[in-house]
Amino acid sequence: MKTKITHSEKVAATFIKNGKLVGFPTETVYGLGANVFDEDAVKKIFKIKNRPADNPLIVHISDVSQINLLIQKMTPIAKKIIENFFPGPITIILKKNLIISDLVTAGLDTIAIRMPSDISTRKFIEYCGTPVAAPSANISGSPSPTSWKHVNADLNGKVDCILWGKNSEHGIESTVVDCTGKFPKILRPGSVSIKDLEKIFSKVEMEKIPKNGIAKSPGMKYKHYSPEAEIILVKSPSEIPLESISTTKIGFIGFEIVRRIAKSKRVSTKENYAKHLFDFFRKCDEIGIEKIYCQKVDMEGIGLALMNRLSKAAGKN
Ligand code: AMP
Ligand code: MG
């Protein structure tokens, strides 16, 4: 298959309308999209990504009015999140409308919905004329793609079209919030932090993944976000063992490195670290790095999401 790479949201949308798949930019990471109402197209997403069938997809919308096509009932919690954070890097979980295929939701009775803030993404979805089901546009298990080049590296020849876009602004996946209970419950941490949610809710719950139990957000149980290299978390570069430096090809990512990658004069932020992490992992793989030492961060704000991705990449949970 020849993959069409286009700058035009309109051209990319014609592929979706014809039952094909498109890799497209969003502010979190790049997505691999299909028409949510086209079962055959949705099936292809799982096949191409090698994604386990029990890992449901997030449905992307360009306008809040499209939510009614996807759900049974709006909840006060979801309404508040929509008012305060849509469009943005946050996904809401609601009871699904029965017309939605079980393939999209992996047999769950709930559906995940997000409205991206990236203007080009919304334009693309609008031209599609339908909500777009889309997981991240990578082969399952590898680091999520944060540039069109990453999508091209993983999916060229497998996907019908890639919509060109800028590098993803956030660089890590959305915050997933279950809105079906009494309080909002974070199933996956992301750029929208607990603190951000606590500004508008009296209580915010955090889903703990049971050791041998079933995760409520099925994707959280898989090893994820991993490069080929082994990931080791350290407080500072001084923890890197000397033997390792002399005997293996090693990489290190931390605040000072990220500051230099971002060509910034200011002290680097966790936001910057998150933005560059997956690209760094991919670059290390390209040049055959064997071990990547990653500086740990505190759990404040986006730190929780960043540590979640780092620990998963290290295979720690
Ligand atoms: P990705 O598309 O790779 O960012 O993964 C989407 C994430 O959303 C995964 O962790 C899924 O398990 C989660 N997700 C999607 N739909 C649901 C749902 N109905 N209930 C809970 N989690 C969901
Ligand atoms: Mg993913």
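Taken together, the values in this text are just the output of simple stated rules run on the coordinates, not laboratory data. It should be emphasised that the depicted structure is a prediction, and the values quoted were computed from it without experimental measurement. Methodologically, a virtual Cβ is constructed for each residue, glycine included, from the backbone with ideal geometry; neighbour enumeration extends over all protein chains shown.
Among beta bridges from DSSP that stay inside the chain, the antiparallel ones total about 45%. Separation of the alpha carbons by more than 29 angstrom is noted, of LYS49/LYS123; LYS2/LYS49; LYS95/LYS208; LYS10/LYS195; LYS123/LYS265; LYS20/LYS195, for LYS10/LYS195; LYS123/LYS265; LYS20/LYS195.
Kirkwood radius and radius of gyration were both taken over the C-alpha atoms of the chain, and their ratio Rg/Rh is 0.96. Note on segment 166-210: with charges restricted to the Cβ of Lys and Arg (+1) and Asp and Glu (-1), its dipole about the Cα centre is near 100 debye. What is the helix-to-structure angle for 39-49, meaning the angle in degrees between its Cα long axis and the longest Cα principal axis of the chain, kept from 0 to 90 and rounded to the nearest 10? With both axes taken from Cα atoms, the answer is about 10 degrees. Debye-formula intensities of segment 41-130, expressed as log10 I(q)/I(0) at q = 0.12, 0.18, 0.24 Å⁻¹, are -0.37, -0.84, -1.31 (one equal scatterer per alpha-carbon, no solvent). Seen against the Cα atoms of the chain and their longest principal axis, helix 303-313 is set at about 80 degrees.
If I model segment 1-152 as equal point scatterers sitting on the Cα atoms and use the Debye formula, what is log10 I(q)/I(0) at q = 0.09, 0.10, 0.16 Å⁻¹? For the requested q values the scattering log ratios are -0.25, -0.31, -0.82. Helix 76-85 axis versus longest C-alpha principal axis of the chain: approximately 60°, rounded to the nearest ten. For ARG260 and LYS17, the FRET efficiency from 1/(1 + (r/R0)^6), where r spans their Cβ atoms and R0 equals 45 Å, is about 0.55.
The trypsin sites (Lys or Arg not before Pro) of segment 58-128 meeting both criteria, a DSSP state outside H, G, I, E and B (loop) and at most 14 other C-beta atoms within 10 angstrom of the site's C-beta, are LYS73. Here r is the Cβ-Cβ distance between GLU169 and ILE99 and R0 is 30 Å; the resulting FRET efficiency, rounded to 0.05, is 0.35. Cross-link list LYS185/LYS312; LYS149/LYS249; LYS96/LYS275; LYS96/LYS149: which exceed 26 angstrom alpha carbon to alpha carbon? Among LYS185/LYS312; LYS149/LYS249; LYS96/LYS275; LYS96/LYS149, the Cα-Cα distance tops 26 Å for LYS96/LYS275; LYS96/LYS149.
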